[in-house]
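The values are calculated or read from the model by the stated rules, or taken from the named source; none is laboratory data. All values derive from a computational prediction rather than experimental measurement. Every residue, glycine as well, gets a Cβ built from its backbone with ideal geometry; the counts of neighbours run over all protein chains shown.
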Amino acid sequence: MSTTDTTTDKPNTIEIKCLLFAKVKEMILGEHSKDDSVIVNLPANKCTTHQLISELKLKYPNISNLLDVCMVAVNLEYIDRSNDLEIKKRDEVAIIPPVSGG
């Protein structure tokens, strides 16, 4: 899959590849997009999961409420959203919305 770059290179920032799933992917990238992720630039001195969600809310205000209830995984492990985990450049970050099935 490919990546959509939604930012431009800025000094003193770290590029984080953010994998998107289900409704979040559809609302950010479009229903028929072949992309599965976006690149988000975060301040090098505040590269955390809370900052990532805040940045996504600023860029995509139409899904702010959805982002509030999404699970976040870093390096294939779900994290407790109440903890502000530091993210490193090569970390794999995934945003996973609630899903239902039957």
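Of the residues making up segment 10-20, those that are buried (at least 17 other Cβ atoms within 10 Å of the Cβ) and either out of contact with any Ser or Thr (no Cβ under 9 Å at 6 or more places or on another chain) or without any contact (Cβ under 8 Å) to a residue 12 or more places away in the chain (or both) are 14, 16. Within the set 80, 68, 91, 84, the sole residue that is in contact with a helix residue (DSSP H, G or I) (Cβ under 9 Å, 6 or more places away or on another chain), of a type in the set (Asp, Glu) and either closer than 16 Å to residue 25 by Cβ or in a loop (DSSP other than H, G, I, E, B) (or both) turns out to be 84. Within segment 52-100, being touching a Leu at 6+ places or on another chain (Cβ under 9 Å) and among the aromatic types (Phe, Trp, Tyr) holds for one residue alone: 60. Within segment 55-102, if we keep just the residues that are among the small types (Gly, Ala, Ser) and surrounded by 15 or more Cβ atoms within 10 Å (Cβ to Cβ), the residue that is farthest from the chain's Cα centre (by Cα) turns out to be 73. Evaluation of residue 37 against the conditions (1) in a helix (DSSP H, G or I); (2) touching a strand residue (DSSP E or B) at 6+ places or on another chain (Cβ under 9 Å); (3) among the small types (Gly, Ala, Ser) shows that the sole unmet condition is (1).
Checking the stated criteria, residue 42 turns out not to satisfy the condition of being part of a helix (DSSP H, G or I) and either touching a Lys or Arg at 6+ places or on another chain (Cβ under 7 Å) or free of Cβ contacts under 8 Å to residues at least 60 places away in the same chain (or both). The residue that is modelled with the highest pLDDT, among those in segment 1-25 that are in a strand (DSSP E or B) and acidic (Asp, Glu), is 15.
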